[in-house]
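Take a look at the structure below.
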Amino acid sequence: MKVAVAGAGWAGLAAAATLSRKAISINLFESSKQLGGRARSVTDGEWFIDNGQHIMLGSYHHTLNLLSSFGVHERKVVRRKLLQLEMHANNSNTVTLKVPNVAAPMHLLWGLMRAKGLDLHERGTALRLGARLIRNKFNISEDLPLEKWLLQNGQTRRLIQFLWQPLCLAILNTPIKEASTRVFLHILKKNFGREREDSDMLFFLPALTDCMPTHAKQFIEQHHGKIHLSQRVTGLAIEQNTLTGIYLEDELQPCEQLILATPPWVTKKLLAQHEATRSLSHDLEQFHHHPICTVYIQYPDTARLGTELIGLVDSIGHWVFDRGINGQPGLMAVVICGPGKHMTMDNETLAQTVMHELSDFYPNWPAANCWRVMREKRATFGCETAIQSRRPGPKTPVKGLWLAGDYLNTGYPSTLEGAVKSGIMSAKGLMAEYGLNSPARATP
Ligand SMILES: Cc1cc2nc3c(=O)[nH]c(=O)nc-3n(C[C@H](O)[C@H](O)[C@H](O)COP(=O)(O)OP(=O)(O)OC[C@H]3O[C@@H](n4cnc5c(N)ncnc54)[C@H](O)[C@@H]3O)c2cc1C
């Protein structure tokens, strides 16, 4: 059985590793020169940085289990911290939500009850919603744009501004006026509905490529898989509704099973070439994408946030990460989620604007030494209400052709966990359908 995986982002790597574990030798074709897709580290001049600042949550069980199956201890790749949201506005208004180390879901209610910077009425309003969500198991009958749903549920403008909007951008990278309430609540349920540890923030320690892709590569190769970099899949060979091969540039490579783990905008084009997959391709055409921009600013070593992460309200920058935790003292990563004014600014103007904003909050910091702007125009798909019914599962109408990627119907928005879960779902679907679910071969 010739099994191929196209695309070595976190979805493709998770799929390839899952197949490898069951003694299925795979060929993984990746168009770029490196692994990791949108979650990778890059060299840019003298900088070796992540393609964009990433964070995980304690509820990312598929990703954490995958890492553990590679023999990687969580402590080697991430540092866990109790959830703490510290939102600063430049008029000295600050709201801090800190969950205590008590059992879920009490920790959420306790955190809301003790939130600093909210008045009694605001705390009561947020608390009542939290309690109702827990009672209803975070379910709603009809999906609505998040802002509309929050207003219907009595949330004040200030609560939205300081609490719900930042969370919405962080989780869905989609403007709150359009974002899907159902997906948002699904994530709240994953984080607050089960174990306290699920709501932890997990800060990556090594460079992103060394957190998962490098370990996945090692695991796949130890299990006789082959990884081919700079190999672009340009077409699919389909005969009588059955996959017979893939085209690498113009060369046909026979294969019986393919997990297509390319991003939706590439998958859409590959699927449009065939009658059998045209309607799937049409669904993918309905997706649109939102950017994430990370401005890395290197200050002298003495500059410290005082915590790993803060949020900014009504600023161009949304989140500031202190990379001191990564052994990079003085390096700040300012993340700008979704579309906005920054998109029309050139890099120099954007970096200066962000540095100016930071100087309002940290007036004693010394001047920055240098900066880099990383823009990913298609960082995530827009997680709106309308798109949810268009998200496909891993199985396609073509025998032997499977999909993986963060856009699949996993319940998650565009995230590392969604990507990894989709890859595992796809590999398991393939194995189940073809009776390949044989016992794992021992690691050499
Ligand atoms: C700046 C930024 C910040 C983010 N922050 C977070 C975060 O904090 N937490 C979080 O959970 N998620 C975050 N995300 C989202 C997360 O990175 C993505 O959801 C995830 O990486 C998507 O993985 P994927 O494998 O589905 O797709 P991709 O990473 O896009 O992988 C697809 C792969 O296919 C390859 N490919 C494309 N075309 C072809 C072809 N024709 N043939 C072969 N290979 C091909 C690509 O080169 C790529 O390697 C962020 C994303 C960005 C960009």
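Just so it is clear, none of the values below were taken in a lab; they were calculated from the coordinates. Small disclaimer: the values here were computed from a predicted structure and weren't measured. For neighbour counting, all protein chains shown are included, and Cβ atoms are generated from backbone atoms with ideal geometry for every residue, glycine included.
Computed extension length for HIS228-ARG378: 51.6 nm, one decimal, from 0.36 nm per residue of separation with the Cα-Cα distance subtracted. Amide H contacts of HIS289: GLY382, each under 5 Å away and 5 or more positions distant or on a separate chain (H built 1.01 Å from N in the peptide plane; Pro and chain starts excluded). Mean residue ellipticity, 222 nm, helices only, the chain: the sum of -39500 (n - 2.57) across DSSP H runs of n ≥ 4, divided by residue count and rounded to 500, is -9500 deg cm²/dmol. For the chain, the relative contact order comes to 24 percent (Cα pairs under 8 Å, sequence separation of at least 6). Residues whose amide H lies under 5 Å from that of ALA104, counting only those 5 or more places away or on a different chain, are ARG196; hydrogens are built 1.01 Å from N in the peptide plane. A full extension of the chain between GLN84 and SER389 corresponds to an added length of 106.5 nm, given 0.36 nm per residue minus the alpha carbon distance. What FRET efficiency, computed as 1/(1 + (r/R0)^6) with R0 = 25 Å and r the Cβ-Cβ distance, is obtained for ASP210 and ASN65, rounded to the nearest 0.05? Working from the Cβ atoms, E equals 0.85.
Mean separation of Cα pairs under 8 Å and 6 or more residues apart, divided by the residue count, gives region 289-381 a relative contact order of 47 percent. Assuming R0 = 56 Å, what is the FRET efficiency of GLU285 and SER92, from their Cβ-Cβ distance, to the nearest 0.05? Step by step, r from the Cβ atoms, then E = 0.75.
Counted as membrane-span-like here are DSSP H helices of the chain whose alpha-carbon atoms extend 15 Å or more along the helix's own axis and whose Kyte-Doolittle mean is 0.0 or above; these are 10-21, 181-192, 416-433. Taking the inverse of the mean reciprocal distance over all distinct Cα pairs, the Kirkwood hydrodynamic radius of region 15-143 comes to 19.2 Å. As a size descriptor, the averaged projected area of the C-alpha convex hull of the chain was calculated at 21.5 nm².
In this rough spin-label picture, where each label sits 7 Å from Cα along the Cβ direction, the ARG194-SER25 distance is 3.6 nm. Rounded to 0.05, the FRET efficiency of the SER359 and ASP44 pair, given R0 = 35 Å and the Cβ-Cβ distance, is 0.90. A viscosity of 1.306 mPa s and a temperature of 10 °C, combined with the Kirkwood radius over C-alpha pairs in the Stokes-Einstein formula, give region 96-196 a diffusion coefficient of 117 µm²/s. Ordering THR244, LEU185, THR234 by the projection of their Cα atoms onto the charge dipole of the chain, which places +1 on the Cβ of Lys and Arg and -1 on the Cβ of Asp and Glu, puts LEU185 at the extreme positive end. In summary, the aspartates and glutamates within cross-link reach of LYS421, defined as a Cα separation below 15 angstrom excluding same-chain residues under 8 places away, comprise ASP406.
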